[in-house]
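Here is the structure we will look at, set down as structure tokens.
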Amino acid sequence: MSSFLEDIKSGKILLSDGAMGSLLMEKGLKHGECPEHLNLTQPEIPEEVARLYFDAGADVIQSNTFGASPMKLAEYGLDDKTEEINVAGVSIVKNVVGNNAYVYGSCGPSGKILQPFGDGDPDEMQRGFETQIQAMVSANVDVIFIETMTDLNEALLALKAAKSVAPDMAVVACMTYEATPKGFYTIMGNSLADCAAGLESAGADVIGSNCGNGLDKMIEIAIELKKVSHLPLVIQSNAGLPQNQDGHLVYPETPDIFAEKVTDLIDAGVSIVGGCCGTTPETIKAIRQTLDSI
Amino acid sequence: MMELLAQISEQLQKGEDETVLELTKKALAENLSPNDILNKGLIAGMTVVGEKFRDFEIFLPDVLLSAKAMTAAVDHLKPLLIQRDLPNIGKIVIGTVQGDLHDIGKNLVGIMLKGIGVEVIDLGKDVPPEKFVDTAVKEEAGLIGMSALLTTSTPMMKKVIEILHERGLNKSIKTIVGGAPLSAAYASDLGADDYASDAADAVERVTKILEEK
């Protein structure tokens with residue numbers, strides 16, 4: 001078993017990082033530029049982001065590979081660079097953290113909608129994820145992080161891809177849910193229970209949710225997931241829906257709120273906690289303090 | 001006659017593309033006007049789909065199937081619609097504003113608008129302000145739709161609106177904005193002509209603006 005999974009099994013709460021895109025922009029990602037291409041053109045930028053989150057106390061740091069599937073890179077005409085971009089993405093983080101944190105190989109949605117609703121071909125999609133994941137594995141990634149998925153079938157293809165190129169690699173699979181009157185569903189209409197069951201039977205080691213509509217909903221999601229799955233859970237919440245304060249938009253959930261509410265997530269049985277849109281290294285630092293005081 | 005239109009609407013809601021096309025052809029054979037088929041059949045059905053999606057009664061796959069059925073029928077109707085019969089098929093330029101890479105909501109609005117027969121020019125994400133305006137001018141689109149998820153990128157919406165004013169285009173090209181960080185009040189602070197709270201609302205408001213033009 002990977003030491004990542006052993007840590008979780010031993011009851012350790014792991015802290016992952018926060019938002020990536022907004023920091024990349026702050027540090028120099030130009031408008032219209034492919035965020036993952038920075039891994040090759042200006043590796044110092046993703047390196048600085050990894051360092052900020054590492055210094056904030058994260059145990060798990062994601063690679064800048066969210067949109068580095070060939071399907072997504074093709075939008076920038078960069079699909080022929082899939083391998084290089086993913087290898088560099090993982091190596092950059094690895095160089096920053098050494099053996100002191102785990103590298104999360106981020107694998108986001110393909111941007112395509114699967115047939116028959118869209119034109120995404122499932123075989124092609126799985127092969128694409130295999131290419132991406134194989135590259136991350138070759139660069140010694142610690143965990144494959146399938147994230148922000150809104151279609152269970154697509155998440156399953158990514159999961160299958162991970163299992164076929166690296167059967168022993170730890171895989172974390174995260175869906176993004178909406179709160180509906182009927183309970184939590186993805187936008188594609190997959191219920192939370194169906195997602196949990198599907199991901200578990202396809203071999204996910206850890207399941208959970210990222211992004212979303214703030215911490216309170218995420219706590220509910222964690223409680224619901226615990227009822228239907230015995231797998232370890234991960235929750236990486238965004239900082240709520242932005243609100244208008246005197247003409248400025250701010251994310252309502254400050255680092256202090258994260259520091260306070262993270263205990264509810266842990267009480268709900270969550271093993272990996274972290275942030276998403278609207279969170280910063282300060283958020284991660286605040287959660288670290290809470291975790292260290294428990 | 002009206003029954004046929006109601007059937008078109010109903011089958012469209014079910015996403016039965018072949019049936020919708022068949023019924024559309026049948027309606028034409030029975031001398032119903034293409035305009036009525038579009039408005040009282042297809043668009044009426046798509047409006048219900050939009051509302052059900054907003055209320056979580058159905059999910060995105062259902063919307064996509066209905067949109068597909070709509071597209072097939074509209075493609076068949078298009079050559080038959082003479083210019084004066086086209087009041088509802090307007091043109092909109094959409095995109096996620098500069099500084100923002102989140103495009104799920106914008107894509108959804110695009111799908112739904114195409115579904116009701118609006119011509120959608122999608123500029124993608126991280127779209128520079130000038131590009132919105134230049135494209136609208138070049139394509140003679142009367143409406144620009146802007147989306148954002150990040151708080152930090154909403155000022156770019158204001159920038160687009162400012163450019164329209166500077167170039168004296170603000171009367172001929174209207175703006176509508178949407179996205180998680182926005183509210184009607186904030187949209188009006190930005191100077192936008194309209195605000196949509198979700199994809200279904202966007203469809204309703206865009207249709208209204210394009211009808212008025």
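Annotations
- In the elastic network of chain A, a GNM with C-alpha springs shorter than 10 Å, the most mobile of A:I235, A:I284, A:I113 is A:I113.
- P(r) weight above 28 Å for chain A, C-alpha pairs, percent: 31 percent
- Packing-based exposure ordering (other Cβ within 10 Å, fewest first) of B:T71, A:T176, B:T151: B:T71, A:T176, B:T151
- Percent RCO, i.e. relative contact order, over chain A, from Cα pairs under 8 Å lying at least 6 residues apart: 19 percent
- Selection among B:I8, B:I43, B:L60 by position relative to the dipole of the stretch B:2-83 gives B:I43 as farthest towards the positive end (Cβ unit charges, Cα centre).
- For the stretch A:91-174, the convex hull drawn through the C-alpha positions has a volume of 84 cubic angstrom per residue.
- Degrees between helix B:129-139 axis and first principal axis of chain B (Cα, 0 to 90, nearest 10): 40 degrees
- Computed from phi, the 3J(HN,Hα) profile of the stretch A:174-187 under the Karplus parametrisation 6.51, -1.76, 1.60 (θ = phi - 60°) reads 10, 10, 10, 10, 10, 7, 10, x, 9, x, 8, 9, 7, 5 Hz, with x in place of Gly and Pro.
- Projecting the Cα atoms of A:A222, A:L52, A:N100 onto the charge dipole of chain A, computed from C-beta unit charges around the Cα centre, puts A:A222 farthest toward the positive end.
- Ordering B:A200, B:Y186, B:G95 by Cα displacement along the dipole of the stretch B:90-212 toward the positive end leaves B:G95 in first place; charges were set at the Cβ atoms of Lys, Arg (+1) and Asp, Glu (-1).
- Taking the DSSP beta bridges with both ends in the protein assembly as shown, the antiparallel portion is around 15 percent.
- Among the residues of B:147-154, the average count of other protein chain beta-carbon atoms within 10 Å of the residue beta-carbon is 5.
- Summed side-chain charge close to B:L150 - residues other than B:L150 whose Cβ falls under 14 Å, Lys, Arg +1, Asp, Glu -1: -2
- For the stretch A:48-149, the normalised intensity computed at q = 0.15, 0.16, 0.24 Å⁻¹ comes to -0.58, -0.65, -1.19 (log10 of I(q)/I(0), Debye sum over alpha carbons, equal scatterers, no solvent).
- Convex hull volume per residue for the stretch B:166-213, taking Cα atoms only, in Å³: 72 Å³
- Förster radius 25 Å - calculated FRET efficiency between A:S10 and A:H230, Cβ distance, rounded to 0.05: 0.95
- Over 21 Å apart at the Cα level, from the set A:K217/B:K106; B:K106/B:K131; B:K40/B:K208; A:K285/B:K125; A:K27/A:K261; A:K30/B:K171, are A:K217/B:K106; A:K285/B:K125; A:K27/A:K261; A:K30/B:K171.
- Averaging the sequence gap over all C-alpha pairs within less than 8 Å and six or more residues apart, then dividing by the number of residues, gives the stretch B:2-83 a relative contact order of 43 percent.
- C-alpha center-to-center spacing [the stretch A:1-71, the stretch B:1-37] in angstrom: 51 Å
- 10 Å Cβ neighbours from other chains, averaged over peptide B:57-66: 4
- Over the protein assembly as shown, DSSP H runs of length four or greater, each weighted -39,500 (n - 2.57), average out per residue to a 222 nm ellipticity of -14500 deg cm²/dmol.
- Applying the Karplus relation 6.51 cos²θ - 1.76 cosθ + 1.60 with θ = phi - 60° to the stretch A:211-218 yields 3J(HN,Hα) values of 6, x, 10, x, 5, 4, 5, 5 Hz, where x marks Gly and Pro.
- Rounded to the nearest whole angstrom, the semi-axes of the ellipsoid equivalent to chain B, taken from the Cα gyration tensor as √(5λ), stand at 32, 19, 13, largest first.
- Charges were assigned to the Cβ only: +1 to each Lys and Arg, -1 to each Asp and Glu. The resulting dipole of the stretch A:1-137 about its Cα centre is roughly 320 debye.
- For B:A72 and A:D168, the FRET efficiency from 1/(1 + (r/R0)^6), where r spans their Cβ atoms and R0 equals 51 Å, is about 0.60.
- Taken along its three principal axes, the alpha carbon spread of the stretch B:90-212 comes to 32, 30, 25 Å, from the longest extent down to the shortest.
- For the protein assembly as shown, the Rg and Dmax computed from alpha carbons only, in angstrom: 23.5, 77
- Principal axis box of the stretch B:2-83, alpha-carbon based, largest edge first, Å: 37, 23, 22
- Under 20 Å from A:K226, Cα to Cα: aspartates and glutamates that are on another chain or at least 8 residues apart: A:E6, A:D7, A:E147, A:E178, A:D194, A:E200, A:D205, A:D216, A:D264, A:D267
- Linear extension gain, A:N153 paired with A:I223, 0.36 nm per residue minus alpha-carbon span: 22.9 nm
- Counting only Cβ charges, +1 for Lys and Arg and -1 for Asp and Glu, the dipole size of the protein assembly as shown around its Cα centre is about 500 debye.
- The charge dipole of the stretch B:2-83, taken about its Cα centre with unit charges on the Cβ atoms of Lys, Arg (+1), Asp and Glu (-1) only, comes to about 220 debye.
- Pairwise centroid distance, computed over Cα atoms, of the stretch A:141-169 with the stretch A:193-218, Å: 13 Å
- Counting only DSSP beta bridges with both residues in chain B, the antiparallel share comes to about 0 percent.
No lab work stands behind these numbers, since they all come straight from the coordinates. This is a predicted model, so every value here is computed, not measured. All Cβ positions, glycine included, derive from the backbone under ideal geometry; neighbour counts span all protein chains shown.
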